[in-house]
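The values are calculated or read from the model by the stated rules, or taken from the named source; none is laboratory data. For clarity, every value in this text was computed on a predicted model and none was experimentally measured. Cβ placement follows ideal geometry from the backbone for every residue including glycine, while neighbour counts extend to all protein chains displayed. All accessible areas refer to the heavy atoms of the entire protein, side chains included, with ligands and DNA or RNA removed. Shrake-Rupley method; radii C 1.70, N 1.55, O 1.52, S 1.80 Å.
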Amino acid sequence: MNKNSSNIMALAPNTPNKRETVCIFGTGDFGRALGHKMIQSGYPVVYGSRSTQISNLIPKDAEVLSHAEAAQKAAVIIIAIQRQHYNFLTPLAEALHGKVLVDISNNLKLNQYPESNAEYLAQLLPGSKVVKGFNTVSAWALQSGTLDASRQVFICGDDVEAKQMVMNIVRGLGLTPVDKGSLLAAQEIENYPLQLFPMWKLPIFLSLGLGLFFFFYCLALDVIHTYIYENNNFSFFIAITVPNRVFPAMALTLLGLVYLPGVFAAIIQLYRGTKYRRFPDWLDKWMLCRKQLGLIALAFASLHAVFTLVIPLRAFSSWRTSRKIISQALNNETEPLDHTNAWLSDSYLATGMLGFFLFVLLGITSLPSVSNSVNWREFRFIQSKLGYLALILCTAHAMIYGGKWFLNPSAYKWYLPDIYMLSLVVPCAVLVVKFVLIFPCVDKPLTQIRQGWERNPRYSE
Amino acid sequence: MNKNSSNIMALAPNTPNKRETVCIFGTGDFGRALGHKMIQSGYPVVYGSRSTQISNLIPKDAEVLSHAEAAQKAAVIIIAIQRQHYNFLTPLAEALHGKVLVDISNNLKLNQYPESNAEYLAQLLPGSKVVKGFNTVSAWALQSGTLDASRQVFICGDDVEAKQMVMNIVRGLGLTPVDKGSLLAAQEIENYPLQLFPMWKLPIFLSLGLGLFFFFYCLALDVIHTYIYENNNFSFFIAITVPNRVFPAMALTLLGLVYLPGVFAAIIQLYRGTKYRRFPDWLDKWMLCRKQLGLIALAFASLHAVFTLVIPLRAFSSWRTSRKIISQALNNETEPLDHTNAWLSDSYLATGMLGFFLFVLLGITSLPSVSNSVNWREFRFIQSKLGYLALILCTAHAMIYGGKWFLNPSAYKWYLPDIYMLSLVVPCAVLVVKFVLIFPCVDKPLTQIRQGWERNPRYSE
Amino acid sequence: MNKNSSNIMALAPNTPNKRETVCIFGTGDFGRALGHKMIQSGYPVVYGSRSTQISNLIPKDAEVLSHAEAAQKAAVIIIAIQRQHYNFLTPLAEALHGKVLVDISNNLKLNQYPESNAEYLAQLLPGSKVVKGFNTVSAWALQSGTLDASRQVFICGDDVEAKQMVMNIVRGLGLTPVDKGSLLAAQEIENYPLQLFPMWKLPIFLSLGLGLFFFFYCLALDVIHTYIYENNNFSFFIAITVPNRVFPAMALTLLGLVYLPGVFAAIIQLYRGTKYRRFPDWLDKWMLCRKQLGLIALAFASLHAVFTLVIPLRAFSSWRTSRKIISQALNNETEPLDHTNAWLSDSYLATGMLGFFLFVLLGITSLPSVSNSVNWREFRFIQSKLGYLALILCTAHAMIYGGKWFLNPSAYKWYLPDIYMLSLVVPCAVLVVKFVLIFPCVDKPLTQIRQGWERNPRYSE
């Protein structure tokens, strides 16, 4: 049977590997890296170059010709030159007429030029079909073959067939093309590789500032105050005890900050009586980084969980336990079980664990592949219902934990409240206002406004 | 260089932002929200409206015309009116001829009409190209710009070019179009936003019922029985001890229920001697929700893990430890290490942890993005091989835990078995039957049947 | 209103369900399974068969005709026959002219034939439009309706419209078509279902070997040595203590092995003075499985975390604690807090937890859906910066843990170093070399080389 098939194979021996020639203009780093990769993937490559001086740097199996000659050899031409040299292409307009030009350029900063490089190229050479692509791939990754990051190549262009041809080459190189539509998307695609977690900046700086404040506050009360007034050097608290007081405070405050803008938005809408006016800018920005704030809060909550579970393994903890037991044993007494204390201890742990569990659930549903597989109604259900439940449980966790100390003057070192009291401010404020907002007399007009109703329609404007 | 490029820019100053006019029929909430968003994204918007009375509600920069006039201004018309008013479009058939009509309507319940709204629209206006889309996006999310949920917009339609035009607009608004094929898919797309975790209902109700039963069963045996017969008020067990007996029982039972239908299916196929007859309806439904059952089981297993790790932090636990140690100290004795007990304790913990580890691994591979990146063979390997290994480890965990109590009459309070015995019923049944099924004399015919062989081919039918 | 719509419905009663007839050549297992599924989804199915003998095995509602007759009934013909029988199709070339032929065949091993089955079919029948598809779906899954694995169907073909038709059918069956480009991709699609974690083989065998070595090494030192020289039978250490010494050693060594090839690559590039020569084969392979190595390391780190947290729950641990406390109590003494020890214990735990936290973060960003949503720069930042930070923290964790034992002769049982010392070798080597590489005098030429500069350009070649 095999024989049979190979007989017929002989009729068209090299069909399965017929890859069409690709032309590359420019022999810079990225042009060479792309050429290497294409030759490896079976594409004949022709370089278009001003001189043949530098030809020994480029891949061995590639041909090097003048620009015009090289352009004739291929239907797809990759423009691996910098934007500021694009105008040297205008004399070649004739040779490039009808060709697919792939703009792979990147800029040095966001929105450097008024229009994207690809659109600029399309204006220079109206007779060619410009496709944007490959700019999101790293030359180093192409070269070393270690594309362990995203294999996605964003493609856009006005000509559907030209886009198809480029997408086929992308697939031929073992990458995944992603169609981003018409050339209008080029600006976005060119900005894409330049950004470094743009949505994360605000939340990270915010939590860094808050974290440092909490850390020094806690350090002052728990280590320095103890050292001064009780003459105990508990400097090793810096490793676990202090962080484990800062982490939950951060988690709770940030979780409160996730739900605070929603409450503000509701109040603003109720006050204005319409939803058809934009929120103030700061609120818009805040609402857009709620997901990031929530994920950072989750990170702190996870750290708090691990730092808490590790407590029984600490040398300090086993020293304290044994000291307590020995003093009881030496006094010949056995403490009876304090039921109130057992209740408090267990319910504080239970609310914390359940809150953390819901919090992790929220985190999982914010993974892109999970949130893409739920509809809007389901997403709202999880993020709103489960989110508020998590907030309530975590707030209760902190309240039961602190419970008996709220009214105890000895808890206020230097007349300052303890850190868990500070961390309760934001979530309690959110919960109180939210509680008011779900009263029918407030909820009804709010729902109407959100469905498009207006208190004072703008007839007069 | 910049100068150079901007000179050429001047030739076609507004090319990069040329967005084609979009027409919207209907000035209801969604129509206005969409219009706002489009204007923000640079699209000129024309509203088609019966009257200009309500024109002040709509975005400032939009034009408002009569339906026929508005239709002339744009190639794409968004039909933001309700299905029951579609027939008023029939007189406009001429004006809408050749236009792309985007049906964005939703129904109030699943499968409300015999055909989808988009197909109904296509029947009414056979000369227009109907595309379904945007109905899965929330007006509120569009309005407030906080699209933190899915940015996917499902699109379907019979005309490829019309679909392309709508997909370009979707991308222009910063959303991700997902092509769902021909207009036949409209019914599914219209049902999509209405559902609320349809696959989760059965598993959640099942585990709710089972959970309540286990909770009260355990409450009766562990709290009420102790109160009556030992006169100990351990009501605080409700917070951690009782849940931590219910959670593992739930996890183990649900994990067994994940593998039970597969065992049933094998028995039915062996009995029937063919795979070409449908399973009974209940089995089909059960098999379809195995993934959900497994994830709920994983949730309970995770809760069990956290509730167990927290034990040393409980006030009750430290009280019990110190009481035990003090009584030994007062009696001047030191208990020697019980090696059997050390073996049992360690192997019970180790099997539990390894089982939980595999369980989490199964959970991770059921994330959409992970399961999409493995092929069928790999998926079967993980879910079947690793899944059964996890089931065996977790069952062993429960058995070693309970080990010595099985034959001890004092473990049967009120002559009832303990909760962990109940939880072993389903997984043990599954494992025993599965053990029989892998015997060659049973496995061979089963494999043949699954490859298409039939014991009694239906020649006679 | 409903009435209105159903009146109009009556005009075209069966439009919404008009599915075009599909023809299936071949009545083998997969052909029948596909036919069943298609009939369930509303497609009329016609089988093309040599004889009508076996017709009773196929779905009831399907028609069975001769091949030529069946082909006439449908535009899409599914070729559910094996490659070795393809040549019987050549006489049917006329009947199949212009038809869309769907090649669904799979091979028994990777790259079994010189060209893919689909390309072979296209050569045999040049007048037909061949599309590859459905081969990645399991017949068993189609049959039983339990497609809980990937619903993706890879499609490729040279004719865009033919591909569209097949993709519509795929969607009609409730599956998700994924366009893989031209027929050149058929080879890859045919190989896809045959592979079983190809990238995981090397890392798994490596960690299996390393794990076994560490296990027996640790068993010898911790259990056998103790048994021989101290006459203590600690065989139960096999369940938790020994694994919990092997797991962290594995995690740390494997994490070191993730970063070792990057260091090698830098040294090779510095030595060669160019990046334009391929790395040795072993280094290439190693670099390609870094992600897998890292995930296995993460698995071991997670097991280490859980096995450590469970320590206070062990019977051995509570026995040891109580023995220690009782001996103190009986001697009437109270040990004072050892501050150095408290510092060491706390900082060893804290570095471990922070390192593990960063490690989990790295694991989450390597989920496909997450790594697809970050650009190259962000990916490099996470994997390189955070990765090295995790490596430093984990190495510090092991060093502080072992700290005082390094120079203590009693720690060297049988003159062998303890397992944690072995596990430090690789990460320390990586960190030392990396430390040298970031010196400006080394980093500068390396950066230049990676940007395309060459020390000895190959002018002479």
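Summary of computed values
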quantity: Checklist (1) buried (at least 19 other Cβ atoms within 10 Å of the Cβ); (2) touching a helix residue (DSSP H, G or I) at 6+ places or on another chain (Cβ under 8 Å) applied to C:Ala162, failing item; calculated: (2)
quantity: Total residues in the range B:323-341, condition more than 7 Å from chain C (Cβ to nearest Cβ), aliphatic (A, V, I, L, M) and surrounded by fewer than 19 Cβ atoms within 10 Å (Cβ to Cβ); calculated: 1
quantity: Filter pass, C:Gly174 being closer than 18 Å to B:Val178 by Cβ and surrounded by fewer than 21 Cβ atoms within 10 Å (Cβ to Cβ); calculated: yes
quantity: Filter result for A:Ile392 (touching a residue at least 12 places away in the same chain (Cβ under 8 Å), more than 17 Å from A:Trp343 (Cα to Cα) and open to solvent by 80 Å² or more (accessible area, probe 1.4 Å)); calculated: yes
quantity: Filtered residues of the range A:303-317 (kept if open to solvent by 30 Å² or more (accessible area, probe 1.4 Å), within 7 Å of chain C (Cβ to nearest Cβ) and closer than 30 Å to A:Met199 by Cα); calculated: A:Val306
quantity: Strands (runs of 3 or more DSSP E) enclosed by the range C:1-96 - at least 3 residues per element that are over 39 Å from the mean Cα position of the chain (by Cα) and modelled with pLDDT under 90; calculated: C:63-65
quantity: Failed condition for A:Asn372, given (1) modelled with pLDDT under 90; (2) open to solvent by less than 40 Å² (accessible area, probe 1.4 Å); calculated: (2)
quantity: Residues that are under 24 Å from the mean Cα position of the chain (by Cα), in contact (Cβ under 8 Å) with a residue 40 or more places away in the chain and either closer than 20 Å to B:Ser302 by Cβ or surrounded by fewer than 19 Cβ atoms within 10 Å (Cβ to Cβ) (or both), drawn from the range C:264-290; calculated: C:Lys285, C:Leu288
quantity: Of residues in the range A:347-366 being at the interface with chain B (Cβ under 7 Å from one of its Cβ atoms) and not polar (S, T, N, Q), the one most open to solvent (accessible area, probe 1.4 Å); calculated: A:Phe357
quantity: Search result, residues across the range B:197-225 that are under 30 Å from A:Trp376 (Cα atoms) and open to solvent by 50 Å² or more (accessible area, probe 1.4 Å); calculated: B:Pro198, B:Met199, B:Trp200, B:Lys201, B:Leu202, B:Ile204, B:Phe205, B:Leu206, B:Leu208
quantity: Within the range B:109-130, considering residues that are more than 20 Å from B:Glu161 (Cβ to Cβ) and free of Cβ contacts under 8 Å to residues at least 24 places away in the same chain, the one farthest from the other protein chains (Cβ to nearest Cβ); calculated: B:Gln112
quantity: Cross-chain or 6+ apart pairs with Cβ under 9 Å, the range A:444-460 first and at pLDDT 85 or above, then in a helix (DSSP H, G or I); calculated: A:Pro445/A:Leu270; A:Leu446/A:Ala266; A:Leu446/A:Gln269; A:Leu446/A:Leu270; A:Leu446/A:Leu437
quantity: Yes/no for C:Leu344 being more than 7 Å from every other protein chain (Cβ to nearest Cβ) and open to solvent by 20 Å² or more (accessible area, probe 1.4 Å); calculated: yes
quantity: Among the residues listed as B:Val246, B:Val242, the single one being within 14 Å of chain A (Cβ to nearest Cβ), open to solvent by less than 20 Å² (accessible area, probe 1.4 Å), closer than 28 Å to B:His304 by Cα and under 25 Å from the mean Cα position of the chain (by Cα); calculated: B:Val246
quantity: Count of residues meeting criterion [closer than 30 Å to C:Ile296 by Cβ and away from every other protein chain (no Cβ under 11 Å)] in the range C:153-212; calculated: 13
quantity: Single unsatisfied condition, C:Arg320 versus (1) open to solvent by less than 20 Å² (accessible area, probe 1.4 Å); (2) facing chain B (nearest Cβ under 10 Å); (3) not acidic (Asp, Glu); calculated: (1)
quantity: Subset tally (residues that are among the basic types (Lys, Arg) and assigned to a loop (DSSP other than H, G, I, E, B)) for the range C:267-289; calculated: 3
quantity: Subset of the range B:185-207 (residues that are closer than 23 Å to B:Tyr120 by Cβ and in contact (Cβ under 8 Å) with a residue 40 or more places away in the chain); calculated: B:Ala185, B:Ala186, B:Gln187, B:Ile189, B:Glu190, B:Asn191, B:Tyr192, B:Pro193, B:Leu194, B:Gln195
quantity: Matching residues, the range B:78-105, being of a type in the set (D, E, K, R) and within 12 Å of chain C (Cβ to nearest Cβ); calculated: B:Arg83
quantity: Residues located in the range B:80-108, provided they are within 11 Å of B:Asn135 (Cα to Cα) and either not acidic (Asp, Glu) or not assigned by the TED database to the domain that holds B:Asp159 (or both); calculated: B:Ala80, B:Val102, B:Ile104, B:Ser105, B:Asn106, B:Asn107
quantity: Residues that are surrounded by 14 or more Cβ atoms within 10 Å (Cβ to Cβ), out of contact with any His (no Cβ under 9 Å at 6 or more places or on another chain) and assigned to a helix (DSSP H, G or I), drawn from the range A:412-428; calculated: A:Ile419, A:Tyr420, A:Met421, A:Leu422, A:Ser423, A:Leu424, A:Val426, A:Pro427, A:Cys428
quantity: For C:Leu293: the one exception among (1) closer than 30 Å to C:Gly452 by Cα; (2) open to solvent by 20 Å² or more (accessible area, probe 1.4 Å); calculated: (2)
quantity: Selection from the range B:59-85 of residues that are of a type in the set (Lys, Arg) and open to solvent by less than 40 Å² (accessible area, probe 1.4 Å); calculated: B:Arg83
quantity: Residue match in the range B:86-106 (condition: crowded, with 18+ Cβ neighbours inside 10 Å and among the hydroxyl-bearing types (Ser, Thr, Tyr)); calculated: yes
